[in-house]
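Engineer: Before we start, here is the structure in question, set down as structure tokens.
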Amino acid sequence: MLSGLVIVDKPQGWTSHDVVGRMRRIAGTRKVGHAGTLDPMATGVLVVGINKATRLLTYIVGTSKTYTATIRLGESTVTDDAEGEVTATRSAASVTEAAVRAGVAALTGEIEQVPSSVSAIKVNGERAYARVRSGEEVKLAARPVTIHRFEVHGVRPARGGEALDVDVLDVDVTVECSSGTYIRALARDLGEALGVGGHLTALRRTQVGPYTLDQAHTLEQLAEELDVLEMSLAARALMPNRELTDEETTEISFGRRIAAGAAAGTPSAATPEKPAAGFSPDGTLVALLADAGSYAKPVLVFAPDNEKRAPQPPTAEQQAGQ
């Protein structure tokens with residue numbers, strides 16, 4: 001059974017669910033999922049898991065992400081991006097690059113961010129965006145996120161038709177951030193801090209955890225040749241590694257405990273939320289492991305050692321032949 005990760009370069013206009021549906025047809029299996037939704041407007045890295053590798057996705061969702069984006073200052077929209085109608089316009093002609101950089105610096109590091117009201121966050125069991133579309137006013141609570149890097153590459157007048165519109169500025173940026181960050185909300189908050197409003201006009205995700213755009217393929221390319229990152233390679237890149245002996249491989253394959261890893265008792269010890277990947281001597285991913293005191297126990301077992309069964313006592317016939 002084919003199992004592994006596929007790094008998709010999501011096309012603009014597609015939902016993440018659309019990509020999963022297409023990958024089910026390409027891979028010939030229903031067991032397909034993704035790690036971290038991208039809005040239809042966005043393009044770039046969408047990590048898709050196939051068959052057993054869907055069990056890795058929960059550990060990918062929480063990793064840091066990197067984006068390139070364009071923020072338009074001078075216009076606010078209902079969705080905080082270019083897909084929503086403009087709700088307010090204020091001239092950004094007097095906004096300087098120094099002011100933009102100062103605003104970006106204030107939004108870097110550990111911040112409290114209010115997600116966009118049209119996010120997929122559930123409010124009383126219903127998605128926030130569904131409530132907004134039905135005409136309800138939605139106010140979401142702020143949540144802590146970390147902006148590791150918020151880099152400005154340029155500030156320029158936006159182009160409207162054939163002419164430059166000096167009342168509207170486009171800011172090209174790179175953002176590296178923790179899971180749960182909304183780049184649309186950064187655009188909105190930068191615009192509000194500068195007193196002119198803002199929204200996102202372009203967004204491309206270039207990295208999810210260890211997986212980069214260099215590894216990604218378009219859906220058309222994948223339909224021609226399905227490029228799957230094998231589970232062992234995917235796990236080696238994603239989390240700390242532990243090389244197991246033959247005996248440990250057998251024990252873990254049957255769900256038994258083994259001695260704790262070298263990092264046990266330290267801040268970098270494997271936990272159920274941040275496990276280590278355990279590999280058999282031949283390099284096969286056997287299980288995800290968490291340290292618990294002097295032992296390590298399997299969190300997930302991927303490769304039950306069916307061929308190396310637990311030793312059985314000899315039969316009467318075998319004893320007679322000895």
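Engineer: State all residues of region 232-263 that are touching a residue at least 12 places away in the same chain (Cβ under 8 Å), among the acidic types (Asp, Glu) and exposed (fewer than 15 other Cβ atoms within 10 Å of the Cβ); if no residue qualifies, say none.
Structural biologist: Selection gives Glu243, Asp246.
Engineer: Here is a further query. Is there any pair with a first residue in region 188-217 that is without any contact (Cβ under 8 Å) to a residue 12 or more places away in the chain and a second that is assigned to a helix (DSSP H, G or I) and surrounded by fewer than 23 Cβ atoms within 10 Å (Cβ to Cβ) whose Cβ atoms are under 8 Å apart and which are 6 or more apart or on different chains, and what are they?
Structural biologist: none
Engineer: Now, a different point. Can you pull out the strands (runs of 3 or more DSSP E) entirely within region 1-103 that have at least 2 residues that are surrounded by fewer than 16 Cβ atoms within 10 Å (Cβ to Cβ)?
Structural biologist: Of the strands (runs of 3 or more DSSP E) lying wholly inside region 1-103, those with at least 2 residues that are surrounded by fewer than 16 Cβ atoms within 10 Å (Cβ to Cβ) span 86-89.
Engineer: Being assigned to a strand (DSSP E or B) and over 29 Å from the mean Cα position of the chain (by Cα) is the filter; apply it to region 162-184 and report the residue that is surrounded by the most Cβ atoms within 10 Å (Cβ to Cβ).
Structural biologist: Leu169
Engineer: Being of a type in the set (Ser, Thr, Tyr), out of contact with any Ser or Thr (no Cβ under 7 Å at 6 or more places or on another chain) and touching a residue at least 60 places away in the same chain (Cβ under 8 Å) narrows it down to one of Thr43, Thr79, so name that one.
Structural biologist: Selected residue: Thr43, the only one of Thr43, Thr79 that is of a type in the set (Ser, Thr, Tyr), out of contact with any Ser or Thr (no Cβ under 7 Å at 6 or more places or on another chain) and touching a residue at least 60 places away in the same chain (Cβ under 8 Å).
Engineer: Suppose we filter Leu226, Leu233 for residues that are in a loop (DSSP other than H, G, I, E, B) and out of contact with any Gly (no Cβ under 7 Å at 6 or more places or on another chain); which single one remains?
Structural biologist: Of the residues listed, the single one that is in a loop (DSSP other than H, G, I, E, B) and out of contact with any Gly (no Cβ under 7 Å at 6 or more places or on another chain) is Leu226.
Engineer: Conditions: (1) surrounded by fewer than 17 Cβ atoms within 10 Å (Cβ to Cβ); (2) modelled with pLDDT of 95 or more. Thr266 meets all but one. Number of the miss?
Structural biologist: Going through (1) surrounded by fewer than 17 Cβ atoms within 10 Å (Cβ to Cβ); (2) modelled with pLDDT of 95 or more one by one, Thr266 breaks only (2).
Engineer: Yes or no: Gly195 modelled with pLDDT under 95, in a loop (DSSP other than H, G, I, E, B) and more than 30 Å from Asp282 (Cβ to Cβ)?
Structural biologist: no
Engineer: While we're looking at this one, here's another question. Across region 185-216, what is the total count of residues that are within 16 Å of Ala82 (Cα to Cα), of a type in the set (D, E, K, R) and either in contact with a helix residue (DSSP H, G or I) (Cβ under 9 Å, 6 or more places away or on another chain) or open to solvent by less than 20 Å² (accessible area, probe 1.4 Å) (or both)?
Structural biologist: 2
Engineer: If you don't mind, another one. So, in region 121-155, of the ones that are over 25 Å from the mean Cα position of the chain (by Cα) and modelled with pLDDT of 95 or more, which residue ends up surrounded by the most Cβ atoms within 10 Å (Cβ to Cβ)?
Structural biologist: Ranking the qualifying residues of region 121-155, first place goes to Val155.
Engineer: Scan region 269-307 for residues that are charged (D, E, K, R) and open to solvent by less than 70 Å² (accessible area, probe 1.4 Å) and report the count.
Structural biologist: Going through region 269-307 one residue at a time, the tally reaches 2.
The values are calculated or read from the model by the stated rules, or taken from the named source; none is laboratory data. The model shown is predicted, which means the values in this text are computed figures rather than measured ones. Virtual Cβ from ideal backbone geometry, glycine too; neighbours counted across all protein chains shown. Just the protein is used for accessible areas: all its heavy atoms, side chains included, with ligands, DNA and RNA removed. Shrake-Rupley method; radii C 1.70, N 1.55, O 1.52, S 1.80 Å.
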